[in-house]
Amino acid sequence: MQGQVESERGEQLGFSDALRGYGYPIHERDGFRCVYCGLDGTQWPNWLFLSWDHLLPKGHPLRDDPRYIVTACRFCNEACNRTQFSVDGRTPEEIIEIKKKAIAGVRDAYYRFWEEKVARRNG
Ligand SMILES: [Zn+2]
């Protein structure tokens with residue numbers, strides 16, 4: 001997706017990348033926060049780690065509908081990429097809740113790994 005993108009304030013954003021261009025209006029709508037873990041992109045450098053996440057699988061007719069695209073940090077975006085669940089008849093909010101639970105489980109597993117193998121290197 002390229003070309004002119006407009007922010008909620010009507011500013012023209014002349015960028016073609018996700019953060020400054022096509023993803024900006026979605027991030028702005030979501031308050032620059034990951035909808036899954038709450039990572040706050042209004043803080044530097046968190047913003048660099050925001051991405052946009054499709055709630056619907058490839059081939060779904062509503063996949064590119066902005067209501068079904070949300071702000072996610074890169075970790076949450078990738079944490080449940082391969083998780084399969086039925087999206088039929090579900091609202092964006094319902095899909096977010098399902099993914100939030102799945103991502104929280106993955107995050108916990110990563111946390112345990114980090115705690116054991118990474119955290120103590122600083123101590
Ligand atoms: Zn996140």
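The values are calculated or read from the model by the stated rules, or taken from the named source; none is laboratory data. Please read these numbers as outputs of a predicted model, since none were measured by experiment. Quick reminder, even Gly has a Cβ in these numbers, built from the backbone with ideal geometry, and neighbours come from all protein chains shown.
Of all the listed residues (ARG9, ARG90), the sole one being in a loop (DSSP other than H, G, I, E, B), loosely packed, with under 10 Cβ neighbours inside 10 Å and among the basic types (Lys, Arg) is ARG9.
For the range 93-103, the tally of residues that are within 10 Å of the ligand (Cβ to nearest atom) and surrounded by fewer than 21 Cβ atoms within 10 Å (Cβ to Cβ) stands at 1.
Here is a yes/no grid of residues against (1) among the β-branched types (Val, Ile, Thr); (2) in contact with a helix residue (DSSP H, G or I) (Cβ under 9 Å, 6 or more places away or on another chain); (3) at pLDDT 95 or above:
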| position | (1), (2), (3) |
| --- | --- |
| ARG29 | no, yes, yes |
| LYS58 | no, no, no |
| PRO66 | no, yes, yes |
| ALA79 | no, yes, no |
| GLN84 | no, no, no |
| GLU94 | no, no, yes |
| ALA109 | no, no, yes |
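Of all residue pairs spaced 6 or more apart or on separate chains, those with beta-carbon atoms under 9 Å, a first member in the range 35-60 that is touching a residue at least 60 places away in the same chain (Cβ under 8 Å) and in a loop (DSSP other than H, G, I, E, B) and a second member that is of a type in the set (Val, Ile, Thr) and within 13 Å of the ligand (Cβ to nearest atom) are VAL35/VAL70; VAL35/THR71; VAL35/ILE96; TYR36/VAL70; TYR36/ILE96; TYR36/ILE103; CYS37/ILE103.
Among the residues making up the range 61-74, a single one is assigned to a helix (DSSP H, G or I), among the charged types (D, E, K, R) and in contact with a Pro (Cβ under 8 Å, 6 or more places away or on another chain): ARG67. Answer with yes or no whether ASN77 is in a loop (DSSP other than H, G, I, E, B) and within 16 Å of the ligand (Cβ to nearest atom). No; evaluated as a whole, the condition is false for this residue.
Going through the range 19-36 one residue at a time, which ones are surrounded by fewer than 16 Cβ atoms within 10 Å (Cβ to Cβ) and closer than 22 Å to ILE103 by Cα? Within the range 19-36, ARG29, GLY31 qualify.
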